[in-house]
Amino acid sequence: MRYISTRGEMPPKTFSEILLMGLAPDGGLVMPESYPQIDRSQLDAWRSLSYADLAFEILRLFADDIPEQDLKPLVDMTYRAEVFGSEAITPLSRLQDGTAILALSNGPTLAFKDMAMQLLGNLFEYVLAQRGETLNILGATSGDTGSAAEYAMRGKQGISVFMLSPDGRMSAFQRAQMYSLPDANIHNIAIRGMFDDCQDIVKAVSADADFKARHRIGTVNSINWARVVAQVVYYFKGYFNATAGNDDTVSFAVPSGNFGNVCAGYIAKRMGLPVERLIVATNENDVLCEFFATGRYRPRGSTETHVTSSPSMDISKASNFERFVFDLVGRDSLRIKTLWQAVESGQGFDLSSDPAFVRVAGEFGFVAGRSHHGDRLTTIRSVWASDKVMLDPHTADGVKVARELRRPGETVVCLETALPVKFAETMEEALGCTPPQPAALAGLEALPQRVVVLPAETTQVQAYIEKSLA
C-alpha cells in the first residue's frame, strides 16, 4: 500500500512514512493510491471476530510495511476491556423507534476520538522507537480531540504534545480533562478565537517546511490518515452488530463538523461494506449540510461561526472534506489545488453544475440534515422519556437528523459522539439533572489547570513551541 497527496506533488510513500506526517509536504491530505476491496467471503470471515482481531485484519491492509508480528500486539494492547470498559469495545443498542446507537465513548476521555487516538499513541511510540526519532505533535481541538490525544500520548517516550483550543469555547469538563494533566510532555494553548482559527494555525505551521523539519512537527488531527483508517474499523463492527447477515445493508448517521468521522464511513463503503447511505448531521454550523443539499461549499470565518450547545461541531472549515472531493472529481490534483485556493481565499466553490455531483447522493450515498439547540433539547428529552437513555448533545443531533431522514425499513446506526457528563450544562437544561460522572473522574473540574492563552497568530504559537523545546 502506497500513499499519495490530494495535491499531487508527493512521491508515493509507505504507511510508516505518512504516519508521522500530518499534512503532505505540498499542503494536501494523504490518501491511499487505491482502496482495498472486501468481498462477501471476507465479510463472512470477519463477522464473528473480536474488535481487536477485526481491527488487525483491516489495519494490516493499510499498514502493510509494519510486520504483522509487531502490528498485532499493538492492536491487541489498544483494544482491550481495561481501556474501553468491556470486551465488546463498541456495544450496539436500539431505541424503541428502531434507531441503533453504536457506543464509541467508553474510552479514557469518554468520547469517540479515543477509538483512534489510543491506537495512534501506540503506533507513534513504536515507529519512533524503530527510527530512533522524536516527535512534537501540534493539534487543534474543538473539544474532544485534544483530551483524547493528550491521554493517548501522556508519558509516551519521544513525544511532546502542543494542543490548541478555542479559549472559553469548550465545556468546563472538556477544559478540565485537558488542562488538568500534569505530564511534562503535554502543553495546552488556548487561542483567542474559534476552532477554525486553531486549525488554521496548525495548517500554517505544517506548511512552514523549515520550522516543521527543525522541530519535528507532526499532527494527530483527523488530517492524519492513521486516525481515519482506525475509525474505519468501527463501521465494519457496527455493521456486523446491526445486521443478521451480509446480504443486509445499513445506513450510518454521523454527527459531523470536520468530516473526519463520516469520511471513515465513506472509505468503509468504498472498500465494499454494504452501506446504503451516509447521513451527515450538522448543528447550526451547517456548511456541510449546505454542500450536500446544493453543491455549494462555503466555509465561514470565525465571526460567522456559531457558538452552540454541541461545541465539538462548531466548525466551519471541514479539513477532511478535501479527501472526499478528491475522489469526487476523479482524483484530479490540479483541480483540487484550484478548488482549495478558492477555499483558502474565503470564496469556497460550487459543484452543483458538475456532472460528478450526482455521485454524491447516488453512488456515494450522502445525505445531510441540520439540528439546532431546540432540536437537540427535544431529542434528549424524547429519548430519555421513551428509553431512559441519556444522549449527549452531539449524538442528539445525529439521532434528530436520522429520525428526520430515515426511510421505511431502513436500518440506521447513529454513531455516539461522547458521554453526556462532558456537557452537564446542556443536560441540566434538557432534563433538569446532572449526568452521572464516572468515579475515576470525580473532582476533575476542581484540579489545578495548566494552560497558556495566546492570540490567534501563528508566529506567537511557533515562538511558544520553540521556547518550550529549548
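Structure notes:
- Loop sites in the stretch 307-416: trypsin sites (Lys or Arg not before Pro), DSSP, at most 13 other Cβ within 10 Å: K388
- Whole-Hz couplings from phi, Karplus 6.51/-1.76/1.60, listed for the stretch 306-320; x for Gly and Pro: 7, 8, 10, 8, 10, x, 5, 10, 7, 9, 10, 9, 8, 4, 6
- For R192, distant residues with modelled amide H under 5 Å away: D167, L454, A456
- Computed from point charges on the beta carbon alone (+1 for Lys and Arg, -1 for Asp and Glu), the dipole magnitude for the stretch 145-246 about its Cα centre is near 260 Debye.
- Under 23 Å from the Cα of K337 - lysines, other chains or at least 8 residues apart: K13, K203, K212, K317
- When the charge dipole of the chain is built from unit charges on Cβ atoms (+1 for Lys and Arg, -1 for Asp and Glu) and taken about the Cα centre, the candidate among Y464, Q347, P436 whose Cα reaches farthest toward its positive end is Q347.
- Interchain or long-range residues, amide H under 5 Å from G218's placed H: N136, I137, L138
- Computed from point charges on the beta carbon alone (+1 for Lys and Arg, -1 for Asp and Glu), the dipole magnitude for the stretch 76-122 about its Cα centre is near 100 Debye.
- With a Förster radius of 41 Å applied to the beta-carbon distance between E133 and A172, the computed FRET efficiency rounds to 0.65.
- Of the DSSP H helices in the chain, those with a Cα length along their own long axis of 24 Å or more and a mean Kyte-Doolittle hydropathy reaching -1.0 comprise 114-131, 225-242.
- Extreme residue, positive dipole direction of the chain, given options L119, L377, F357 (C-beta unit charges): F357
- Stretchable slack from D332 to A361, in nm (0.36 nm times residue separation minus alpha-carbon distance): 8.4 nm
- At most 16 other Cβ within 10 Å, DSSP loop - GluC sites (Glu not before Pro), the stretch 363-421: E363, E410
- Chain lengthening between D183 and E410 when straightened (0.36 nm per residue, less Cα-Cα): 77.0 nm
- Dipole magnitude for the chain: computed about the Cα centre from +1 point charges on Lys and Arg Cβ and -1 point charges on Asp and Glu Cβ, it is near 140 debye.
- The stretch 387-465: C-alpha gyration tensor shape, a/c 1.5 cut-off, then a/b vs b/c: oblate
- Placed amide H near V412: partners under 5 Å, 5+ positions off or other chain: A100, S251
- Residue (of A207, A244, N261) at the positive-pole extreme of the stretch 169-306, dipole from beta-carbon charges: A207
A short reminder: the numbers here are calculations on the coordinates, not readings from a lab. No experiment lies behind these values; they were computed from the predicted model shown. Heads up, the Cβs are rebuilt from the backbone with ideal geometry, glycines too, and the neighbour counts pull from every protein chain shown.
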